[in-house]
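*Asks:* Provided herewith is a single structure, encoded as structure tokens, for subsequent inquiry.
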Amino acid sequence: MVGPDTCGHLWAGLTSDEEDELCARWIQLSTFYPFARWHPDATGTPLHEPWAMTGQYKEWAKNAINDRYQYLRHMYTCLYEASHSGTTCFDPLLFHYPADEQVYKDIEHSFIVGDALKVSPKLEAGNDTFMSYFPTGKWVSMQNYTDIVNVTGDGEWKLLDATLPTVNVHLRPGHMVLKQDNS
């Protein structure tokens, strides 16, 4: 039951827009951690609360929180099963693809949730795209089921869209995840 303190920190050398973007990205990433909380500043005032954000960053935060509700059953089922079996729920790619040498490099670029969801967070401010590694197989985007990353042969680094209003999540080949409607 771990997770990051999300936002609330001031980053030296960044503009306020870059801080807002990074905070929104951390909120997106926190969608898939079992424990996520907002971090207050030194005075106890929470910075970058999702409700206080503006523009696209507020929309990204709202979508991330909605995503969390859609995937809760999947995550909680995994946590329940892990509590009885000793398995894990939030894994680096190397847990699932140990023969693929590339998954041992730059391991912070993605992780697997509940054996089925590959989460590819954007970790830097700026740019409309970023690279994420995909092992062999057909990876289906959970935001658009017609968007399939098809990797034949060895795994590949693929360019992902960072302008989506939510974090990039792909379904692992051969798996199924039920999402609950949160509307």
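*Asks:* Output the residue which, of all residues in region 115-130 that are part of a loop (DSSP other than H, G, I, E, B) and among the aliphatic types (A, V, I, L, M), is surrounded by the fewest Cβ atoms within 10 Å (Cβ to Cβ). Give the steps one after another, and end with the answer.
*Replies:* Restricting attention to region 115-130, the residues satisfying the condition of being part of a loop (DSSP other than H, G, I, E, B) are 115-116, 121-128.
Now drop any that are not among the aliphatic types (A, V, I, L, M), which leaves 116, 123, 125.
Numbers: A116: 19, L123: 12, A125: 17.
Within region 115-130, the match that is surrounded by the fewest Cβ atoms within 10 Å (Cβ to Cβ) is L123.
*Asks:* Select from region 84-110 the residues that are acidic (D, E) and surrounded by 14 or more Cβ atoms within 10 Å (Cβ to Cβ) and write down the one among them that is nearest to Y33 (Cα to Cα). So that I can check it myself, show each step before the final result.
*Replies:* First, the residues of region 84-110 that are acidic (D, E): 91, 100-101, 106, 108.
Filter once more, so that each one left must be surrounded by 14 or more Cβ atoms within 10 Å (Cβ to Cβ): 91, 100.
On the way: D91: 11, D100: 25 Å.
In this case the residue turns out to be D91.
*Asks:* Select from region 150-172 the residues that are surrounded by fewer than 16 Cβ atoms within 10 Å (Cβ to Cβ), more than 17 Å from K122 (Cα to Cα) and in contact (Cβ under 8 Å) with a residue 24 or more places away in the chain and list them in ascending order.
*Replies:* If the condition is that a residue be surrounded by fewer than 16 Cβ atoms within 10 Å (Cβ to Cβ), more than 17 Å from K122 (Cα to Cα) and in contact (Cβ under 8 Å) with a residue 24 or more places away in the chain, then D154 is the only one that fits.
*Asks:* Follow-up question, since we're still on this one. Does K62 fit the bill of being at pLDDT below 90, within 27 Å of C23 (Cα to Cα) and out of contact with any Pro (no Cβ under 8 Å at 6 or more places or on another chain)?
*Replies:* On the way: at pLDDT below 90: yes; within 27 Å of C23 (Cα to Cα): yes; out of contact with any Pro (no Cβ under 8 Å at 6 or more places or on another chain): no.
Here the answer is no, as K62 does not meet what is asked.
*Asks:* Tell me which residues, restricted to region 90-114, are in a loop (DSSP other than H, G, I, E, B), at pLDDT below 90 and under 16 Å from the mean Cα position of the chain (by Cα). Before you say what the answer is, go through the steps one by one.
*Replies:* Here is the first cut: in region 90-114, the residues in a loop (DSSP other than H, G, I, E, B) are 92, 96-100, 105-106, 110, 114.
From what's left, at pLDDT below 90: 105-106.
Listed by number, the list holds a single entry, D106.
*Asks:* Within the bounds of region 16-31, is there any residue that is touching a helix residue (DSSP H, G or I) at 6+ places or on another chain (Cβ under 9 Å), modelled with pLDDT under 80 and buried (at least 18 other Cβ atoms within 10 Å of the Cβ)?
*Replies:* Taking region 16-31 as the starting set, the residues that turn out to be touching a helix residue (DSSP H, G or I) at 6+ places or on another chain (Cβ under 9 Å) are 17, 20-21, 23-25, 27-31.
Now narrow it down to the ones that are modelled with pLDDT under 80: 17.
So of that shortlist, the ones also buried (at least 18 other Cβ atoms within 10 Å of the Cβ) come out as none.
No, region 16-31 contains no residue that is touching a helix residue (DSSP H, G or I) at 6+ places or on another chain (Cβ under 9 Å), modelled with pLDDT under 80 and buried (at least 18 other Cβ atoms within 10 Å of the Cβ).
*Asks:* For region 73-83, does any single residue satisfy the condition of being surrounded by 18 or more Cβ atoms within 10 Å (Cβ to Cβ) and either farther than 20 Å from P34 by Cβ or modelled with pLDDT of 95 or more (or both)? Don't jump to the end; show me each part of the working.
*Replies:* Initially, region 73-83 is screened for residues surrounded by 18 or more Cβ atoms within 10 Å (Cβ to Cβ), giving 74-75, 78.
So of that shortlist, the ones also either farther than 20 Å from P34 by Cβ or modelled with pLDDT of 95 or more (or both) come out as none.
No, region 73-83 contains no residue that is surrounded by 18 or more Cβ atoms within 10 Å (Cβ to Cβ) and either farther than 20 Å from P34 by Cβ or modelled with pLDDT of 95 or more (or both).
*Asks:* Something else about it: Would you be able to tell me the number of residues in region 108-122 that are under 13 Å from Y71 (Cα atoms) and among the polar types (S, T, N, Q)?
*Replies:* 0
The values are calculated or read from the model by the stated rules, or taken from the named source; none is laboratory data. This is a predicted model, so every value here is computed, not measured. Positions of Cβ are backbone-derived with ideal geometry, glycine not excepted, and every protein chain shown enters the neighbour counts.
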